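Colleague: Okay, here's the structure, questions in a sec.
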Amino acid sequence: MGTKTGIKVMTAAAMLVLAGCSSGESPGASAPAASTEPGGTSYPLTMKNCGTDVTFEAAPQRAVTLNQTAAEILIKLGVGDRVVGSGYEIYRPPADLAEQYGKIPLLSPRGQPIKHEKLLEAQPEFVYTNFGSFLTAAQAGDRKQLHDLGVPTYITELDCTLHASVAGANFDMLYQEYRDLAKIFNVPAAGEKLATEQKALVEKALGAAENRDTPLKVLWFYSTYAGTPWAAGPGGLPQHISDLVGVENIFDDASAKWAEVSWDEVAARNPDVIILADLTRGEPNDTAAEKIDLLKKDPLTSKLGAVTGDRFITIPGAQMDPSHGSVYIVPALVDGLNKFR
């Protein structure tokens with residue numbers, strides 16, 4: 001680290017200390033009254049997250065989320081007013097969250113992650129992300145670096161390491177994330193409420209699934225990079241959802257939860273249905289419409305029955321990564337599969 005960078009980090013660290021004594025009216029700057037909820041959090045709170053012990057001295061009043069869905073989860077938990085910055089915005093927020101989300105300052109250009117110095121300028125007391133790759137030295141800073149500055153962090157347990165399969169990945173891990181965050185922020189009832197509501201939504205959707213005795217084969221088509229497709233493998237929420245609704249993920253033997261595959265492999269495995277991630281990041285072939293056009297023009301995939309028969313199910317791309325929207329894949333998938341079965 002150069003001298004100039006070192007000075008900036010020390011200045012930011014000093015700002016973090018001063019932030020706790022500030023009487024300004026910036027978002028999240030004033031501490032809330034002590035919780036009177038049953039089961040309210042006792043501080044200091046230490047929890048293990050992605051293999052790291054993290055200690056919280058008090059409920060965070062200045063949180064920074066490194067991606068859009070993380071900010072939306074905190075809004076869902078009723079602590080959106082404590083989010084003083086966010087990054088990696090890649091889609092229009094849901095209507096019910098748009099007003100609160102719109103009040104959160106963006107700390108990075110659209111579709112880009114937050115960099116370390118920009119993060120420190122926001123004087124965070126807590127950093128939360130749904131993508132482990134954003135908490136690295138090349139991005140917002142690695143966890144140890146932030147913890148040494150007195151800034152605790154939380155990463156979804158479903159993505160501690162980029163693309164790595166997570167043993168036993170399921171919705172229960174997502175529900176526990178809500179509970180963990182609610183405990184960190186001393187709003188335990190909010191975490192339990194969100195988890196209960198989402199579990200009921202999934203169970204209701206599964207009750208409407210038809211003809212599951214003969215599983216259809218599906219391709220979870222997420223994106224392309226340099227013309228190569230990326231598909232869902234094992235150890236992620238798409239695999240868990242496949243198991244729940246009774247379909248066979250054609251790449252359930254891949255080495256990662258998001259795997260770089262080939263069109264030859266896709267053609268050889270011949271999916272009955274193709275589940276398309278509708279992404280709005282601005283990358284080539286990101287939208288569902290672009291993916292369909294690509295599949296219909298490719299010499300190999302254009303001959304697949306799923307393509308000639310237009311057996312496509314479109315899902316918002318952000319829902320395929322861990323988020324509060326992930327549970328909504330289940331009713332959308334059940335509805336689509338019922339039409340094709």
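Colleague: Which is the longest part of the chain that has none of the GluC sites (Glu not before Pro) sitting in a DSSP loop with at most 16 other Cβ atoms within 10 Å? Could you put the intermediate results ahead of the total?
Modeller: Values: sites that count: E25, E57, E210.
It works out to 58-209.
Colleague: With the crude spin-label approximation of a point 7 Å out along Cα→Cβ, what separation in nm comes out for S133 versus A164?
Modeller: Here the answer is 1.4 nm between the modelled labels.
Colleague: Label-point separation (nm) for A289 and D96, each offset 7 Å from Cα along Cα-to-Cβ?
Modeller: The modelled label-to-label distance comes out at 2.8 nm.
Colleague: Relative to the present Cα-Cα distance, how much length would full extension add between D310 and E197 at 0.36 nm per residue of separation?
Modeller: Values: separation 113, 0.36 × 113 = 40.68 nm, distance 3.32 nm.
37.4 nm is the gain from fully extending D310 to E197.
Colleague: Please report the accessible area of D81 (heavy atoms, 1.4 Å probe, ligands and nucleic acids excluded) in Å², nearest 10.
Modeller: Its heavy atoms expose roughly 100 Å² to the probe.
Colleague: Same structure again: Could you check how much of the accessible area of region 195-341 is carbon and sulfur, as a whole percent, using a 1.4 Å probe?
Modeller: Numbers: 3140 of 6250 Å².
Percent of accessible area from carbon and sulfur atoms in region 195-341: 50.
Colleague: Among V245, T196, L206, whose Cα lies farthest out toward the positive end of the dipole of region 194-262, if unit charges sit on the beta carbon of Lys, Arg (+1) and Asp, Glu (-1)?
Modeller: Going by the charge dipole, the pick is T196.
Colleague: Roughly how compact is the chain, stated as its Cα Rg over 2.2 N^0.38 Å to two decimals? Spell out each step's value before the answer.
Modeller: Values: Rg = 21.2 Å, N = 341, 2.2 N^0.38 = 20.2 Å.
The reported ratio for this selection is 1.05.
Colleague: Return the subset of K48/K118; K48/K291; K257/K296; K118/K204; K103/K199 for which the Cα-Cα distance in this structure is over 32 Å, preserving the input order. Don't skip to the answer; put the middle values down first.
Modeller: Values: K48/K118 27 Å; K48/K291 40 Å; K257/K296 26 Å; K118/K204 43 Å; K103/K199 29 Å.
Long pairs (Cα-Cα over 32 Å): K48/K291; K118/K204.
Colleague: Mind listing the long-range amide H neighbours of I275? Cut-off is under 5 Å, sequence gap 5 or more, other chains count too, H placed in the peptide plane at 1.01 Å from N.
Modeller: Counting only residues 5 or more places away or on other chains, the set is L219, W220, F221, I313.
Colleague: Under a point spin-label approximation (7 Å from Cα along Cα-to-Cβ), what is the N211-L149 distance to one decimal in nm?
Modeller: Between N211 and L149, the simple spin-label model gives 5.6 nm.
Colleague: Provide the per-residue ³J(HN,Hα) series for region 87-93, in order, calculated from phi with Karplus coefficients 6.51, -1.76, 1.60 and θ = phi - 60°, each as a whole number of Hz, with x at glycine and proline positions.
Modeller: Each residue's phi maps through the Karplus curve to give x, 6, 7, 9, 7, 6, x Hz.
Colleague: How big is the dipole moment of the chain about its Cα centre under a simple scheme where the beta carbon of each Lys and Arg is +1, that of each Asp and Glu is -1, and everything else is neutral? Debye, nearest 20, please.
Modeller: Numbers: 30 positive and 41 negative charges, 89 e Å.
The dipole magnitude comes to about 420 debye.
Colleague: Right, something else. Remind me, relative contact order of region 272-341 in percent, using alpha carbon pairs under 8 angstrom and six or more residues apart?
Modeller: Working: 75 pairs, mean separation 22.7, N = 70.
Normalised by residue count, the contact order of region 272-341 is 32 percent.
Colleague: Top mean-square fluctuation among G102, G87, G78, Gaussian network model of the chain, C-alpha springs under 10 Å?
Modeller: Answer for the Gaussian network model of the chain: G102.
Colleague: Can I ask one more? Against the globular-protein guess of 2.2 N^0.38 Å, express the Cα radius of gyration of region 88-220 as a ratio, rounded to two decimals. Provide the component values of the computation, followed by the final result.
Modeller: Details: Rg = 17.9 Å, N = 133, 2.2 N^0.38 = 14.1 Å.
Expressed relative to 2.2 N^0.38 Å, the Cα Rg reads 1.27.
Colleague: Could you run the Karplus curve 6.51 cos²θ - 1.76 cosθ + 1.60 with θ = phi - 60° over region 111-128 and give me ³J(HN,Hα) per residue in whole Hz, x for Gly and Pro?
Modeller: x, 10, x, 6, 8, 4, 5, 5, 4, 5, 4, 7, 6, x, 9, 6, 10, 9
The values are calculated or read from the model by the stated rules, or taken from the named source; none is laboratory data. Model, not experiment: these values are computed from the prediction. Positions of Cβ are backbone-derived with ideal geometry, glycine not excepted, and every protein chain shown enters the neighbour counts. Protein only, heavy atoms only, side chains kept; ligands, DNA and RNA dropped before computing areas. Shrake-Rupley method; radii C 1.70, N 1.55, O 1.52, S 1.80 Å.
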